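For reference, the structure is listed below as C-alpha cells.
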Amino acid sequence: LEILRKKESLSQDVEARIAFRFQTSVLLSDRLERMDDAIEDMREVLGLQPGHADALARLDSLYLRTEQWMELHDILLTRIEQAGSDDEKAALLIRLGELRETELEAVIEAVETYAEVLMLDVQHPEAVDALERLFDEPDHAPFIAPLLEQTYLAVDDWEGLIRVYEVMQATSED
C-alpha cells in the first residue's frame, strides 16, 4: 500500500495517478477492509478528474456495501446525468427509485423516479411492477393512477385501467 501511495505521489501523469488510486482503493476495501479509506481514494480520483465514470461506479459499489444511503443517492443522481443511453439511465433510475422507496423511506420521490423511467419506456417492467406494488397502498394510489393509466392504455390492459379509473373516480369524489 505504501509503495503504491509513493508511486502515485511521484507521478506527474494524471492517468497514472488515477490508476494507482484504483489499485489502492481495491486493496483497501477488499483486502484490508478499510472502506472509508477506499472511498477517500475514489473521491481523490474525482478531484483529479471530475465525473470519472469508473470512480463514480466504484463509489456506487462502496456506498452500497457500507450502506451509506445518502451518499449512494447522490452518486446515482450524478451517474444518471452522465448516462450514455436510455437503457443505462432507466436502470440507474430504477435503482434510485428502490433506494428512495426502501432505505430513504421517500415514497413520493420514488414514485416520481419510477415516472421518469416510464417517460423513457412506458412499459418498463421494473417501473410498472414497482408502481403496481405501491398502487395497492391507498395513500399512494391517487398519485400513481395517472402513471399506470398511460401504461395500461399502451398495452390494452383493460382490467388495470378499470382499477385505475375506480381510484381516479373515488379521488375526484372526495
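For the chain, what's the relative contact order in percent, using C-alpha pairs closer than 8 Å and at least 6 residues apart?
Numbers: 166 pairs, mean separation 17.1, N = 174.
Value for the chain: 10 percent.
Between (1) 1.93; (2) 1.09; (3) 1.36, which matches Cα Rg over 2.2 N^0.38 Å calculated for the structure shown?
The calculated read-out lines up with (3).
Whole angstrom only: what separates the Cα centroid of the stretch 61-103 from the Cα centroid of the stretch 38-59?
15 Å
Using a 10 Å Cβ count of at most 15 others and DSSP loop calls, identify the longest part of the chain lacking such GluC sites (Glu not before Pro).
Formally, the longest exposed-site-free interval is 106-174.
Modelling each spin label as a point 7 Å along the Cα-to-Cβ direction, I'd like the Arg43/Glu166 distance in nm, to one decimal.
5.1 nm
Rule-based calculations on the coordinates, nothing more; no lab input. Note that the structure is a prediction, hence the values are computed from the model and not measured. Cβ coordinates were reconstructed from backbone atoms using ideal geometry, including for glycine residues, and neighbour counts include every protein chain displayed.
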